[in-house]
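Here's the structure, in structure tokens; my notes come after.
The values are calculated or read from the model by the stated rules, or taken from the named source; none is laboratory data. Because the structure is a prediction, the values reported are computed rather than measured. Neighbour counts are summed over all protein chains in view; Cβ atoms, including those assigned to glycine, are modelled from backbone coordinates with ideal geometry. Ligands, DNA and RNA are excluded from the accessible area calculation, which covers all protein heavy atoms including side chains. Shrake-Rupley method; radii C 1.70, N 1.55, O 1.52, S 1.80 Å.
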Amino acid sequence: MFEIVDEIVQAERQAEQIVSDARAEAEEIRSSFDAEERDALGEAREEAAQILRERVDAARDEAQKRLEAALSRERSAEQYMDAHAERVEDALNRVTELLLTPEYER
């Protein structure tokens, strides 16, 4: 009888050890998965931040190019007006006269 009880106790100890080992293995797998998940999320964040920086830089470069083009056009217009001041003044006078003179007096 003691042998049977001893075998039962021994079997229970083995079962407890198996369950304990399985829990430890499950915890190890869970920890490994959590670490992999953190690493993947970190890499995704870094990649997203890099893409965002690249897009912001590209937008900034494009805005700078547009500003330079607009300033260049403005300088060209100013240079034209400075170079042709008499023609510009004459054109302005004619436009003003057309606007101020009634149609029946033209």
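What to note about this one:
- A crude spin-label estimate for the pair residue 68 and residue 97, with each label 7 Å from Cα along the Cβ direction, gives 4.4 nm.
- Solvent-accessible heavy-atom area per residue, rounded to whole Å², over the chain at 1.4 Å: 96
- Degrees between helix 2-83 axis and first principal axis of the chain (Cα, 0 to 90, nearest 10): 10
- Counting protein heavy atoms only, the chain has 54 percent of its accessible area on carbon and sulfur, 1.4 angstrom probe.
- Treating r as the C-beta distance of residue 46 and residue 24 and R0 as 30 Å, the FRET efficiency rounds to 0.35.
- Within-12-Å neighbourhood charge of residue 33 [Cβ basis; K, R +1; D, E -1]: -4
- In this structure, residue 83 and residue 61 have a Cβ-Cβ separation that, at R0 = 30 Å, corresponds to a calculated FRET efficiency of about 0.40.
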